[in-house]
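Asks: Structure in structure tokens, see below.
The values are calculated or read from the model by the stated rules, or taken from the named source; none is laboratory data. Just so we're clear, the structure is a prediction, and the values are computed from it rather than from any experiment. Cβ sites come from the backbone with ideal geometry, for glycine too, and all protein chains shown count toward neighbours. When the accessible area is computed, the model is the full protein with side chains, heavy atoms only, and any ligands, DNA or RNA have been set aside. Shrake-Rupley method; radii C 1.70, N 1.55, O 1.52, S 1.80 Å.
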Amino acid sequence: MQFDIQYEFIQKLKIHTANSNKYCYVETFGCAQNLSDTEKIKGILLECGYTDTNDFNLADIIILNTCAVRDLAEKKAFGRLGFFKNFKSQKPELIIGFCGCMAAESGVCEDIIKKYRFVDFILPPSSITSLPEILTRVLKGEMVVIKNQTDNLSIAENVPVLRQDTSRAFVTIMYGCNNFCSYCIVPYTRGRERSRDLNEILSETKNLVESGYKEITFLGQNVNSYGSDLKDNADFSELLFKANEIEGDFLIRFLTSHPKDMSKKLIDTIATCHKVSTTIHLPVQSGSNDILSKMNRKYTVEQYLELIEYAKSKISNVTFSSDIIIGFPEETNEDFEQTLSLIKKVRFDTLYTFIYSKRRGTPADKNPNQIEKSVKNERFNRLTTLQNEIALEINKSLISTTARVLVEGYSKKNSKVLSARTTSNKIVLFIGDENLIGKFVNVKITDCNTFSLFADVL
């Protein structure tokens, strides 16, 4: 499917926006995939004649691009929706849209229709490319609700994108997920796995590199299973290998990997591709085989550790990051201690730790043996204390070493300090000229704390 089928509606919207400046404001919640979706939403709106703004007071269209993975993100989204209700009462012509995974979640559409009647349209992730058609209907006075479809979904190419960064870019390589982890809502909101054509991905990557982008991140709910639905037998290893052959000085990252699909072939490919980052984000979620089974993760702790050891033996300077869920239903003290033991064995550079929250529509939500909040908080604090100690030890070992970093911009905490990342995704802070932003530079690490390295430019 091509985005061109929206051309008729785009032309109608251009007529609507031609006589005066029309502004769009998009607020994003959640993961990198949501950030990538927002870039598409903004790109489509710009194609329709709207101007992007970071000031919602100027907006003629406000869109919330939401996340359903964690309870906190949902609460924030509903809180913002309540805020904009008052805003719309003062500006009745304002269009408000509700998009993202929450818009695809069972029962949410019904709740919005009942409680937030000022919302003009509800659009699940699989339908964002139909945004011009939706807006055309809204401008005619219709309240549009697109029900989520997870079967027989196609992929639209040639979708306009407004990238939020001039040196780093997301490239979505696949959509959806087939894993059905018992705590996760994603397969129900984004549908089954659909892989983009290999040549389309390579063409987009090549164009980005030629445009000056220095970091390309391949995105998917499970990039390791890329190509399993394609007829040409392309897989993620082949994609990395061919992307690595594209001319230019750039870095390739990827998110996210599933341990059950992380093959030795893929590890060997990463080892031979010098443009691919040497850090692997491999979410383990728990160090207990019993909990992993209840999560429906389809691998064991032993298999996970075997992958870690194989990667260490093959990839020079490899580092690992991971996700951990604390307080999954039926998690015992012994299960938690096993998770701590795993963290000590692997020594992750970075660990993203989440307290389990119930997700409506998932098997884990129905489990009667939920863990008390106080227990989850105590375990969370113990785990983060351990990980912070490990992260600080690793960072201290890097003092006096040199690193190649991509300069991202000025630090949010200090406008005089530049912020960069190593190929292993560590934040590096140093004093430097503005003209270094968007470039690779070599630095020498001089000091550190738990979350950052400090350096001098060489």
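Asks: Which value, in Å to one decimal place, does the Kirkwood hydrodynamic radius take for region 171-258 when every pair of different Cα atoms is included? Don't skip to the answer; put the middle values down first.
Replies: Working: mean 1/r = 0.0741 Å⁻¹.
Kirkwood hydrodynamic radius for region 171-258: 13.5 Å.
Asks: What's the magnitude of the charge dipole for region 117-231 around its Cα centre, counting Lys and Arg as +1 and Asp and Glu as -1 at the beta-carbon? Answer in Debye, nearest 20.
Replies: So the magnitude is around 240 debye.
Asks: Using only the alpha carbons of region 229-309, what is the convex hull's orientation-averaged projected area in square nanometres?
Replies: Its Cα hull, projected and averaged over all orientations, spans 6.2 nm².
Asks: Then there is this: What 222 nm value per residue comes from the helices of the chain, counting each DSSP H run with n ≥ 4 as -39,500 (n - 2.57) and dividing by all residues, nearest 500 deg cm²/dmol?
Replies: -11000 deg cm²/dmol
Asks: Right, here's the next one. What percent do you get for the relative contact order of region 265-384 when only Cα pairs under 8 Å and 6+ apart count?
Replies: Working: 149 pairs, mean separation 34.6, N = 120.
Normalised by residue count, the contact order of region 265-384 is 29 percent.
Asks: Within region 197-344, what is the number of lysine pairs with alpha carbons under 16 Å apart, leaving out pairs fewer than eight places apart on the same chain?
Replies: 14
Asks: Now a separate question. If you project the alpha carbons of region 305-396 onto the principal axes, what extent comes out on each, in Å, largest first?
Replies: Principal-axis extents of region 305-396 (Cα, largest first): 45, 24, 22 Å.
Asks: For an R0 of 45 angstrom, estimate the FRET efficiency from the Cβ-Cβ distance between Ile113 and Lys242 and round to the nearest 0.05.
Replies: Efficiency, from the Cβ-Cβ distance: 0.45.
Asks: Running Debye on the chain with equal point scatterers at the Cα sites and no solvent, what base-10 log of I(q)/I(0) appears at q = 0.05, 0.08, 0.10 Å⁻¹?
Replies: Values returned for q = 0.05, 0.08, 0.10 Å⁻¹ are -0.19, -0.50, -0.81.
Asks: OK, next. Within the accessible area of the chain, what % is carbon and sulfur when the probe is 1.4 Å and the other protein chains stay in place?
Replies: On the way: 10030 of 20750 Å².
The C+S portion of the solvent-accessible surface of the chain is 48 percent.
Asks: Taking a Cβ-Cβ separation under 4.7 Å as the criterion for a possible partner, which cysteines of the chain have none?
Replies: Unpaired cysteines in the chain: Cys24, Cys31, Cys48, Cys67, Cys99, Cys101, Cys109, Cys177, Cys273, Cys448.
Asks: Using Cα centres only, tell me the gap between region 388-458 and region 346-378 in whole Å.
Replies: 32
Asks: A further question follows. When all alpha-carbon pairs of region 32-141 are counted, what percent fall beyond 19 Å?
Replies: 42
Asks: Please grab the % of Cα pairs in region 213-271 that end up more than 18 Å from each other. Show your work: numbers first, answer last.
Replies: On the way: 551 of 1711 pairs.
Taking all Cα-Cα pairs of region 213-271, the fraction more than 18 Å apart is 32 percent.
Asks: Per the Kirkwood formula on distinct C-alpha pairs, the Rh of region 1-62 is how many angstrom?
Replies: Mean inverse Cα-Cα distance, inverted, gives 12.4 Å.
Asks: Tell me which aspartates and glutamates have Cα within less than 13 Å of Lys14's Cα, excluding those fewer than 8 residues away on the same chain?
Replies: Once the sequence-local aspartates and glutamates are set aside, what remains near Lys14 is Glu47, Glu133.
Asks: If you don't mind, another one. Set the Förster distance to 41 Å, then compute FRET efficiency between Lys85 and Thr402 from the Cβ-Cβ distance, nearest 0.05.
Replies: Step by step, r from the Cβ atoms, then E = 0.15.
Asks: So if I take the centroid of the Cα atoms in region 34-81 and the same for region 172-251, what is the distance between those two points in Å?
Replies: That distance is 24 Å.
Asks: I would also like to ask the following. What is the Cα convex hull volume of region 52-105 when expressed per residue in Å³? Walk me through the intermediate numbers first.
Replies: Numbers: hull volume 4.4 nm³, N = 54.
Dividing the Cα hull volume of region 52-105 by its residues yields 82 Å³.
Asks: Related question: If r is the Cβ-Cβ distance from Lys265 to Ser293 and R0 is 25 Å, what FRET efficiency results, to the nearest 0.05? Provide the component values of the computation, followed by the final result.
Replies: Values: r = 26 Å, r/R0 = 1.04.
Given R0 = 25 Å and the Cβ-Cβ separation, E is 0.45.
Asks: If you average 1/r over every pair of different alpha-carbon atoms in region 277-324 and take one over that average, what Kirkwood value in Å do you get?
Replies: 11.4
Asks: Quick one: the Cα spread of region 369-434 along its three principal axes, in angstroms, biggest first?
Replies: 55, 26, 17
Asks: May I pose another question? Each residue of region 139-146 in turn: what ³J(HN,Hα) in whole Hz from Karplus with 6.51, -1.76, 1.60 and θ = phi - 60°, glycine and Pro shown as x?
Replies: 5, 8, x, 8, 8, 10, 10, 9
Asks: How large is ³J(HN,Hα) for each residue in region 83-100, as worked out from phi by the Karplus curve 6.51 cos²θ - 1.76 cosθ + 1.60 (θ = phi - 60°), to whole Hz, x for Gly and Pro?
Replies: For region 83-100, the Karplus curve yields 4, 6, 4, 5, 5, 6, 4, 8, 9, x, 6, 5, 9, 10, x, 10, 10, x Hz.
Asks: Shifting gears a bit: So what's region 101-153 giving for Cα Rg divided by 2.2 N^0.38 Å, two decimals?
Replies: That ratio works out to 1.12.
Asks: A further question follows. Determine which aspartates and glutamates satisfy two conditions relative to Lys115: a Cα distance under 17 Å, and not lying fewer than 8 residues away in the same chain.
Replies: Straight-line reach from Lys115, under 17 Å: Glu74, Glu105.
Asks: Okay, moving on. Within the P(r) computed for region 340-458, what percentage of the Cα pairs occupies the region above 19 Å?
Replies: 58
Asks: State, as an integer percentage, the relative contact order of the chain based on alpha-carbon contacts under 8 Å between residues 6 or more apart. Show your work: numbers first, answer last.
Replies: Working: 878 pairs, mean separation 47.3, N = 458.
It comes to 10 percent, rounded to a whole number.
Asks: On to the next question. Report the full-extension gain for the segment Glu389 to Gln164: residue separation times 0.36 nm, less the Cα-Cα distance, to one decimal in nm.
Replies: The Glu389-Gln164 span can extend by a further 77.6 nm.
Asks: Let me ask something else about it. Percent relative contact order of region 1-104, based on C-alpha pairs within less than 8 angstrom and at least six residues apart?
Replies: Reported as a whole number, the value is 29 percent.
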